[in-house]
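Notes for the one structure printed next.
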Amino acid sequence: MSNDILLVWSSACKTHPGKVRKINEDACLDLPELGLWAVADGMGGHEAGDVASQLIVERLRNIREPTDIHGFIAEVKTCLTEVNRQLREMASQHYHERTIGSTIVAMAAFGNQCAFIWVGDSRIYRLRNGKLERLTKDHSMIEDYIDQGLLSPEGAEASEIANVLTRAVGAEDELDVDCKIATLCGDDVYLLCSDGLYREITDEQITQGMAMDNCTDSARQVLELALENKARDNITAAVIQIKNAFA
C-alpha cells in the first residue's frame, strides 16, 4: 500500500523457465509494502546469468524505506551500480573475464508518483483507460536499427540480432541507467516482463491479460498465453494494479 491515502496498490509475480531451457535465469521482486517491483533477466548464453539476476533482486530487496520519489530512485540506482561493480569483479576473478550480466526493469512507487528504471530489454507496459503503452525503450541493437530506419518493427523479431543487447548490468565498468518519472492514476495497471514474455504474445493478448480484475489472474494469464507458444526463453511477469483508496 502507498504512503498516500488516495491510492493503494496490489501486485503479483509469476515466472517460468519456459519449454526449452532447464534453468530459469529470470528473477522477480514483488514488494508492494515498499512500493518496489522488478524483473531481472540473466543474459542467456553467458556464465551464471541466474547468479546475476538473483543478486540484483536480493540487493533491491534490502533498499531502505523511501521518503520521496527522488530518494527512492537514487537508492535503486546506487544498488544497481554496486551490483554492476560486484559482477565485474566476479567475472574477472572467477569466470575468466566472461560476462556475468542481467537486464533489469524496476518500478518504484511513492504517493501518487512512480519511477521506471531500466537497463536492457526487459519492459514495462501500462494499461490506462483501455489503452496499452510501452513505457521503456529497449537497450538493444535491434532497437537502434529501428530508430535509424534500417529495420522495420515487423521484421525485428526474425532478425539475427534480436537478442543482442547494448546495455546490461555487469556488461561494462560504467553502468548507464535510464529512468522516467510519471504520475499514478486510479485503475492503472502495470506489467513488468522479460523478453521471454513479450516475444511470445501479441499486444492484444497483453492488453486482455492486464484487463483482468485480479492481478494474480493477470500475471497467470499472460504467462500461460506465452507458454501456449514456443516459449523458447524464460518467462516472467509482474502485474501491479493501482486503485483509488475510497473507490
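Determine, yes or no, whether GLY120 is modelled with pLDDT of 95 or more, small (Gly, Ala, Ser) and within 19 Å of LEU60 (Cα to Cα). Considered against the rule, which asks whether it is modelled with pLDDT of 95 or more, small (Gly, Ala, Ser) and within 19 Å of LEU60 (Cα to Cα), GLY120 comes out as yes. Residues that are out of contact with any strand residue (DSSP E or B) (no Cβ under 7 Å at 6 or more places or on another chain), touching a residue at least 24 places away in the same chain (Cβ under 8 Å) and β-branched (Val, Ile, Thr) were ranked within the stretch 17-72; the one that is surrounded by the most Cβ atoms within 10 Å (Cβ to Cβ) is VAL51.
Taking (1) closer than 19 Å to ASN229 by Cα; (2) among the polar types (S, T, N, Q); (3) modelled with pLDDT under 95 in turn, SER152 satisfies each apart from (1). The strands (runs of 3 or more DSSP E) located wholly in the stretch 93-137 that include 2 or more residues which are within 22 Å of ASP26 (Cα to Cα) occupy 102-110, 113-119, 123-128. Residue count for the stretch 26-53, restricted to those that are over 12 Å from the mean Cα position of the chain (by Cα) and either at pLDDT 95 or above or of a type in the set (Lys, Arg) (or both): 5.
Can GLU172 be described as more than 28 Å from GLY35 (Cα to Cα) and either assigned to a strand (DSSP E or B) or of a type in the set (D, E, K, R) (or both)? So GLU172 fits the description; yes.
The set of residues in the stretch 82-94 that are polar (S, T, N, Q) and over 17 Å from the mean Cα position of the chain (by Cα) comprises GLN86, SER92, GLN93. Kindly indicate whether THR67 is more than 19 Å from GLU174 (Cα to Cα), of a type in the set (S, T, N, Q) and not in a helix (DSSP H, G or I). The answer is yes for THR67.
Pairs are defined by a Cβ separation below 6 Å, a sequence spacing of at least 6 or placement on different chains, a first member in the stretch 179-191 that is closer than 11 Å to LEU7 by Cα, and a second member that is part of a strand (DSSP E or B) and of a type in the set (D, E, K, R); the pairs so defined are GLY186/LYS243; ASP188/ARG128. Annotation: THR78 fulfils all but one of (1) in a helix (DSSP H, G or I); (2) surrounded by fewer than 17 Cβ atoms within 10 Å (Cβ to Cβ); (3) touching a residue at least 24 places away in the same chain (Cβ under 8 Å); the unmet one is (3). ILE181 passes every criterion in (1) surrounded by fewer than 17 Cβ atoms within 10 Å (Cβ to Cβ); (2) in a loop (DSSP other than H, G, I, E, B); (3) touching a strand residue (DSSP E or B) at 6+ places or on another chain (Cβ under 7 Å); (4) of a type in the set (A, V, I, L, M) apart from (2).
Of the strands (runs of 3 or more DSSP E) lying entirely inside the stretch 5-46, those carrying at least 2 residues that are of a type in the set (Val, Ile, Thr) are 7-16. LEU197 meets the stated requirement of being within 16 Å of ALA40 (Cβ to Cβ) and part of a helix (DSSP H, G or I). One residue alone among ALA231, ALA237 is in a loop (DSSP other than H, G, I, E, B) and closer than 18 Å to ASP26 by Cα, and that residue is ALA231. One residue stands out in the stretch 199-221 among those that are touching a residue at least 40 places away in the same chain (Cβ under 8 Å) and crowded, with 22+ Cβ neighbours inside 10 Å: the one that is farthest from ALA108 (Cα to Cα), namely ILE206.
Among the residues of the stretch 225-236, which ones are touching a His at 6+ places or on another chain (Cβ under 9 Å) and either crowded, with 20+ Cβ neighbours inside 10 Å or of a type in the set (Asp, Glu) (or both)? Listed by number, the residues that qualify are ALA226, ALA231, ASN234, ILE235, THR236.
The values are calculated or read from the model by the stated rules, or taken from the named source; none is laboratory data. Bear in mind the structure is a predicted one, so any value in this text is a computation, not a measurement. Reconstructed Cβ throughout: ideal geometry from the backbone, glycine too, with neighbour counts over all protein chains shown.
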